[in-house]
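For reference, the structure discussed in these notes is given below.
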Amino acid sequence: MWCDSIEISDLTLQNSPFWTVHPYDCTNVTVRGVTILNPVKSSNTDGIDPDSCENVVVENCYISVGDDCVAIKSGWDHYGVAYGRPSRNILIRNITAHSPVSAGVSIGSEMSGGVTNITIEDLFVWGSKRGVRIKTSRGRGGYVSQVMYKNLTFDTVRVGIVIKTDYGDHPDDKYDLMALPLVENITYHGVHGRNVRIPVRIYGSPEIPVRNVEFQDLDVGVTNKKKHIFQCSYVHGRVIGKIYPRPCESLDIFDENGLKIHVATPMNHSQT
């Protein structure tokens, strides 16, 4: 808490009863070569949770836990808005993640101070409920913006990519229903996998649309051939080049040369 220039490296941490590594309002943080092993049936045992932190690198780690393996946070509802300390300039790379009940890497849901300039790359998620996830809700305020995902691999994951805007837990009843979070400028380049039930599920809402999402080089093998396995609602964005599975109709599609070959349906079109 409130520290500068921290390095946590070459450790094995086991059986934490709650979040395992939780830097809060810190600057210049490196977590490298750490193994975290918590019981996968023990809830809220997150691995590494940078919270209102700036200039963070998390790399070369193995994490198997009972909640999010990595979760980037920045305060909860009006408390986070008032504190006003964003999480920014964060690099997550070369992580192997396993969470049968949650996600490999999450942003939120406590993101009310803002989350921006995030890169998540060279991530392998196996045997998990979610691959990567952004979660927020009405009453949070704040923003999630400028997030780049690169070179993601999913193996036996229920839902690969998730953006959820109705994740409705609140610390108390003092939150402002008109505090609407902003979710925009999210990029996914190089997403591959096998045995994934639903590769993409992005659910915005009329009050919290998801804007400027981009997909390129996505090829995810699915466990069955359901009709709608690329799920969208209240989303605006684009696909560049060929991807699999077929994207939802609410995204523009461009070929490899930048020529638009499909015009999106209105943003409030829903496919589930």
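Looking only at the range 11-39, count how many residues are in contact with an Asp or Glu (Cβ under 6 Å, 6 or more places away or on another chain), open to solvent by less than 50 Å² (accessible area, probe 1.4 Å) and not in a loop (DSSP other than H, G, I, E, B).
Residues in the range 11-39 being in contact with an Asp or Glu (Cβ under 6 Å, 6 or more places away or on another chain), open to solvent by less than 50 Å² (accessible area, probe 1.4 Å) and not in a loop (DSSP other than H, G, I, E, B): 2 in total.
Which numbered condition in (1) of a type in the set (D, E, K, R); (2) in contact with a strand residue (DSSP E or B) (Cβ under 8 Å, 6 or more places away or on another chain); (3) closer than 26 Å to N15 by Cβ is the only one that D67 fails?
(2)
Starting from residues that are among the aromatic types (F, W, Y) and touching a strand residue (DSSP E or B) at 6+ places or on another chain (Cβ under 6 Å), keep the ones in the range 175-217 and report whichever is farthest from S109 (Cα to Cα).
Filtering the range 175-217 for residues that are among the aromatic types (F, W, Y) and touching a strand residue (DSSP E or B) at 6+ places or on another chain (Cβ under 6 Å), the one farthest from S109 (Cα to Cα) comes out as F215.
Do we have any residue at all in the range 87-95 that's among the aliphatic types (A, V, I, L, M) and open to solvent by 10 Å² or more (accessible area, probe 1.4 Å)?
Scanning the range 87-95 turns up at least one residue that is among the aliphatic types (A, V, I, L, M) and open to solvent by 10 Å² or more (accessible area, probe 1.4 Å).
Just checking, how many residues over the range 134-157 are out of contact with any Phe, Trp or Tyr (no Cβ under 9 Å at 6 or more places or on another chain) and either within 20 Å of Y244 (Cβ to Cβ) or touching a residue at least 60 places away in the same chain (Cβ under 8 Å) (or both)?
Residues that pass the stated criteria total 2.
Hey, could you check the range 40-75 for residues that are open to solvent by 10 Å² or more (accessible area, probe 1.4 Å) and among the polar types (S, T, N, Q) and say which is nearest to P86 (Cα to Cα)?
Among them, the one singled out is N55.
Select from the range 199-235 the residues that are of a type in the set (A, V, I, L, M) and at pLDDT 95 or above and write down the one among them that is farthest from R130 (Cα to Cα).
Here the answer is I208.
Do we find that N117 is of a type outside the set (G, A, S), in contact with an Asp or Glu (Cβ under 6 Å, 6 or more places away or on another chain) and touching a residue at least 12 places away in the same chain (Cβ under 8 Å) in this structure?
no
Taking the range 171-208 as the search range and keeping residues that are aromatic (F, W, Y) and under 14 Å from the mean Cα position of the chain (by Cα), which one is surrounded by the fewest Cβ atoms within 10 Å (Cβ to Cβ)?
Among those that are aromatic (F, W, Y) and under 14 Å from the mean Cα position of the chain (by Cα), it is Y203.
Quickly run through the range 114-159 and pick out the residues that are in contact with a Ser or Thr (Cβ under 6 Å, 6 or more places away or on another chain), farther than 28 Å from Y175 by Cα and crowded, with 20+ Cβ neighbours inside 10 Å.
S128, V157
Restricting attention to the range 179-192, which residues are touching a Ser or Thr at 6+ places or on another chain (Cβ under 6 Å) and not in a loop (DSSP other than H, G, I, E, B)?
E184, N185, H192
The values are calculated or read from the model by the stated rules, or taken from the named source; none is laboratory data. Since the structure is predicted, the reported quantities are computational estimates derived from the model, not experimental observations. When we count neighbours, we look across all protein chains shown, and the Cβ atoms used for this are built from the backbone with ideal geometry, even at glycine. Just so you know, the surface numbers come from the protein's heavy atoms only, side chains and all, with ligands and any DNA or RNA stripped out. Shrake-Rupley method; radii C 1.70, N 1.55, O 1.52, S 1.80 Å.
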